[in-house]
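Worksheet: the structure to be examined is printed underneath.
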Amino acid sequence: MHLLPVNATHHAVSIPELLASRDERQAKQHAWLTRHATPLISFTVVAPGPIKDSDVTRGIFNHGVNALRTMMQKSGWVIREQSIVVSASGPEALFALEGPARDIKLATIELEHQSPLGRLWDIDVLTPEGEILSRRDFALPPRRCLLCEQNAVECARGKTHALSDLLIQMEALLHDAQ
């Protein structure tokens, strides 16, 4: 499986496009769960603002895919199917794995904590029944904001920080990871 080239679309996505893209991702996840009956990893990049496919998000995404593959290999989990696409909501990867869903989720949480880019990765683990395992399922606190120590969801919802400051921080994290 190849990683994404740096040539991003830089398309400013509209809300209807974003919602349609998320619906398509969920439909694909459901189809894969039906076909494989194994846990899934659904991986995207946290990208504030209207541009979800940029050179920066692709760089962050490629680091994440490499980290996920290394984690799966070290854990001995067999990849039954994998896919990388770019949708309106940005780069996406989907992996169907043979392994315990809870162990997979714990490993992805550890991966997010170990990598400087982990805060920018959105790694969902779905059980074979389609339940999304979350940090709350493991009594872990919500993710922190990129710029402050507050809850990331609350900062995003309240638009606490300027988009330009968030994008500068994303670029800095990617630069530091290279």
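Miscellaneous remarks
- Qualifying positions in the stretch 63-83 - touching a residue at least 24 places away in the same chain (Cβ under 8 Å) and open to solvent by 30 Å² or more (accessible area, probe 1.4 Å): HIS63, ASN66, SER75, TRP77, ARG80, GLU81, GLN82
- Of all residues in the stretch 117-140 being open to solvent by 30 Å² or more (accessible area, probe 1.4 Å) and touching a strand residue (DSSP E or B) at 6+ places or on another chain (Cβ under 8 Å), the one that is modelled with the lowest pLDDT: ARG119
- Matching entry among THR70, THR108 (being hydroxyl-bearing (Ser, Thr, Tyr), out of contact with any Cys (no Cβ under 7 Å at 6 or more places or on another chain) and under 24 Å from GLU131 (Cβ atoms)): THR108
- Which numbered condition ALA12 misses (of (1) among the aliphatic types (A, V, I, L, M); (2) buried (at least 18 other Cβ atoms within 10 Å of the Cβ); (3) at pLDDT below 95): (2)
- Between ILE109, ILE84, the distinction of being farther than 30 Å from ASN7 by Cβ and either in a helix (DSSP H, G or I) or at pLDDT below 95 (or both) belongs to ILE109 only.
- Contacts under 9 angstrom Cβ, first residue in the stretch 102-113 being under 11 Å from LEU140 (Cβ atoms), partner aromatic (Phe, Trp, Tyr), 6 or more apart: LYS105/PHE138; LEU106/PHE138; ILE109/PHE138; GLU112/TRP121
- Within the stretch 12-27, residues that are under 17 Å from PRO48 (Cβ atoms) have Cβ atoms under 7 Å from residues that are assigned to a strand (DSSP E or B) and modelled with pLDDT under 90 in these pairs: SER21/SER87, counting only partners at least 6 apart in sequence or on another chain.
- Going through (1) outside any loop (DSSP other than H, G, I, E, B); (2) open to solvent by less than 90 Å² (accessible area, probe 1.4 Å); (3) of a type in the set (S, T, N, Q) one by one, THR34 falls short only on (2).
- Where a residue in the stretch 38-61 is open to solvent by 20 Å² or more (accessible area, probe 1.4 Å) and its partner, wherever it lies, is hydroxyl-bearing (Ser, Thr, Tyr) and at pLDDT below 95, with Cβ under 7 Å and at least six apart: LYS52/SER89
- Selected residue (criterion: farthest from ARG119 (Cα to Cα)) from residues of the stretch 141-158 that are assigned to a helix (DSSP H, G or I) and open to solvent by 40 Å² or more (accessible area, probe 1.4 Å): GLY158
- In the stretch 99-116, the residues that are in contact with a Leu (Cβ under 6 Å, 6 or more places away or on another chain) and either of a type in the set (S, T, N, Q) or surrounded by fewer than 17 Cβ atoms within 10 Å (Cβ to Cβ) (or both): PRO116
- Some residue of the stretch 87-98 being part of a helix (DSSP H, G or I) and either open to solvent by less than 70 Å² (accessible area, probe 1.4 Å) or at pLDDT below 90 (or both): no
The values are calculated or read from the model by the stated rules, or taken from the named source; none is laboratory data. This structure is a prediction, so every number in the text was calculated from the model and none was measured. No Cβ is skipped: glycine too gets one built from the backbone with ideal geometry, and neighbour counts run over all protein chains shown. Keep in mind that these areas ignore ligands, DNA and RNA; they rest on the heavy atoms of the full protein, side chains included. Shrake-Rupley method; radii C 1.70, N 1.55, O 1.52, S 1.80 Å.
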